[in-house]
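The values are calculated or read from the model by the stated rules, or taken from the named source; none is laboratory data. Please read all numbers here as calculations on a predicted model, not as lab measurements. Reconstructed Cβ throughout: ideal geometry from the backbone, glycine too, with neighbour counts over all protein chains shown.
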Amino acid sequence: MEKKKAVIVGYDAISPLGGDMASQWQRARTGESGIGPLTRFPLKDGFPVRIAGQMPDIDHEPYPFLSARHQAAWFSPVFKYGMLTVARALERSGIHIDAALAPRVAVTYSSAVGGLDAVLHADRMLQTENRLPHPYTNPNSCINMIGGKIAMQTGAQGPITATITACATGLTSMLVGAMLLAQNRADVVICGAVDCALVEPIIAGFATMNGAYNPKPGQEDESPTRASRPFSLNRRGFIISEGAGAVILATREFADAHGLAYTIELAGWSMTSDAHHFVMPYMETIRRCMSDAVKDAGLSPGDIDAVNAHATSTRAGDKVEVEALRAVFGNRLPPVSANKSQIGHAMGASSVIETILALRGMEEDLILPTINYEPDPEILLDCVETGARGLSQQHVLKNAFGFGGCNACAVFRRIN
């Protein structure tokens with residue numbers, strides 16, 4: 001029996017570029033940056049990170065599924081941001097989850113960091129004031145709880161799982177969703193991820209492991225908007241940011257039967273493990289992940305029109321990704337767009353937000369720019385550095401790689 005293909009019937013995101021899709025897309029296509037001063041907490045003298053990509057406040061948004069009293073209990077921001085993206089993505093899809101459909105709706109929406117902020121806050125209260133934790137502290141900190149709350153919000157009663165692959169979490173959520181559809185375990189899957197990692201020990205931890213952006217001595221006053229520069233000669237680490245994104249997948253049969261609009265399908269995918277190092281990427285398994293995703297879509301490398309890269313702005317990571325791309329595409333490497341240049345690194349949510357931007361680009365025949373680019377002679381490539389480029393794209397390859405050697409690649413096909 002032929003496996004059922006997944007089509008994209010709805011999506012929504014919140015990122016440092018804005019709180020709604022229209023404003024984010026407009027800023028993205030004009031080459032703006034969402035990076036600015038870090039204001040989530042007071043910065044002490046000597047704190048190693050001073051800039052970040054922060055999501056806008058959404059407390060003005062009407063979301064009846066999360067009342068003021070409800071918010072007081074579910075106080076980690078991952079819940080309100082994640083649940084809002086799902087509500088809006090479902091609204092865009094036109095799907096109404098009733099009692100008949102509910103058992104056929106799965107949830108793979110997840111997080112890489114989850115509500116760790118809730119535990120950190122509780123620990124500080126215990127240490128400084130000897131106050132016991134809020135009774136909802138542990139539920140707030142459970143990574144799978146965001147999917148659980150989304151199931152309660154929507155009424156989805158199909159399979160539910162939290163797919164956690166560090167920075168690849170958002171894309172992996174979609175790939176696991178596609179598996180459920182292919183195996184006829186669901187007709188609809190609510191996919192995506194949310195992360196709000198701008199808390200002191202997490203940020204400082206990225207700095208001490210030499211991952212976070214570290215300005216060159218004498219350039220500490222450089223504009224935050226210039227700091228995220230994937231593939232660039234002067235790249236100096238990733239900008240820690242936050243974000244949320246939801247993608248609604250459905251089988252093509254379900255979408256057609258219910259009159260749902262779609263223009264793009266998840267044509268092929270692959271996941272591999274580096275089995276190599278906890279943070280250092282491994283070229284061969286990354287190359288194989290890309291190559292297998294292209295083959296799974298029934299394509300050859302020459303059929304790919306554009307690549308949406310992982311591209312964190314680290315010295316080693318960007319270089320290995322380009323080496324793997326060269327191994328797959330040879331001298332016919334298509335244009336490569338690096339969205340983290342504009343939104344920073346939103347941890348587990350980054351790959352789903354970037355996927356959404358790539359999908360929007362396919363719909364509008366546009367590739368987003370990689371801003372702040374200065375050519376590195378060791379990894380020369382066409383990264384759309386001079387501004388957004390008009391280009392019809394039938395097939396786009398999306399890359400996402402996470403700590404622990406978790407690799408995920410997907411090929412999206414425009415079908416209408």
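Overview of values
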{"item": "Criterion: exposed (fewer than 13 other Cβ atoms within 10 Å of the Cβ), polar (S, T, N, Q), assigned by TED's automatic domain parsing to the domain that holds Val176 and at pLDDT 95 or above - qualifying residue of Thr85, Thr39", "result": "Thr39"}
{"item": "Number of positions in the stretch 192-216 that are part of a loop (DSSP other than H, G, I, E, B), in contact with an Asp or Glu (Cβ under 7 Å, 6 or more places away or on another chain) and touching a residue at least 60 places away in the same chain (Cβ under 8 Å)", "result": "4"}
{"item": "Selection within the stretch 243-278 - crowded, with 17+ Cβ neighbours inside 10 Å and out of contact with any strand residue (DSSP E or B) (no Cβ under 6 Å at 6 or more places or on another chain)", "result": "Thr251, Phe254, Asp274"}
{"item": "The stretch 285-305, residues that are surrounded by fewer than 17 Cβ atoms within 10 Å (Cβ to Cβ) and either in contact with a helix residue (DSSP H, G or I) (Cβ under 8 Å, 6 or more places away or on another chain) or among the small types (Gly, Ala, Ser) (or both)", "result": "Gly298, Ser300, Gly302, Asp303"}
{"item": "Unique match (being assigned to a strand (DSSP E or B), closer than 21 Å to Thr108 by Cα and either among the small types (Gly, Ala, Ser) or in contact with a Ser or Thr (Cβ under 7 Å, 6 or more places away or on another chain) (or both)) among Ala293, Ala244", "result": "Ala244"}
{"item": "Residue check for Ser392: surrounded by fewer than 21 Cβ atoms within 10 Å (Cβ to Cβ) and not assigned by TED's automatic domain parsing to the domain that holds Ile14", "result": "yes"}
{"item": "Considering residues of the stretch 398-416 that are of a type in the set (Gly, Ala, Ser) and either out of contact with any Pro (no Cβ under 9 Å at 6 or more places or on another chain) or modelled with pLDDT of 95 or more (or both) only, the residue surrounded by the fewest Cβ atoms within 10 Å (Cβ to Cβ)", "result": "Gly404"}
{"item": "Residue that is nearest to the chain's Cα centre (by Cα), among those in the stretch 42-82 that are surrounded by 14 or more Cβ atoms within 10 Å (Cβ to Cβ) and among the hydroxyl-bearing types (Ser, Thr, Tyr)", "result": "Tyr81"}
{"item": "Glu253 vs. criteria of a type in the set (Asp, Glu) and either part of a strand (DSSP E or B) or outside the structural domain of Asp98 (by TED's automatic domain parsing) (or both)", "result": "no"}
{"item": "Gly53, sole failed condition from (1) closer than 19 Å to Ala244 by Cβ; (2) small (Gly, Ala, Ser); (3) free of Cβ contacts under 8 Å to residues at least 24 places away in the same chain", "result": "(3)"}
{"item": "Residue match in the stretch 308-330 (condition: part of a strand (DSSP E or B) and of a type in the set (A, V, I, L, M, F, W, C))", "result": "no"}
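Let's see how each residue does on (1) charged (D, E, K, R); (2) modelled with pLDDT under 95:
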{"residue": "Val49", "(1), (2)": "no, no"}
{"residue": "Tyr63", "(1), (2)": "no, yes"}
{"residue": "Arg69", "(1), (2)": "yes, yes"}
{"residue": "Phe75", "(1), (2)": "no, yes"}
{"residue": "His96", "(1), (2)": "no, no"}
{"residue": "Leu101", "(1), (2)": "no, no"}
{"residue": "Val107", "(1), (2)": "no, no"}
{"residue": "Ser111", "(1), (2)": "no, no"}
{"residue": "Leu116", "(1), (2)": "no, yes"}
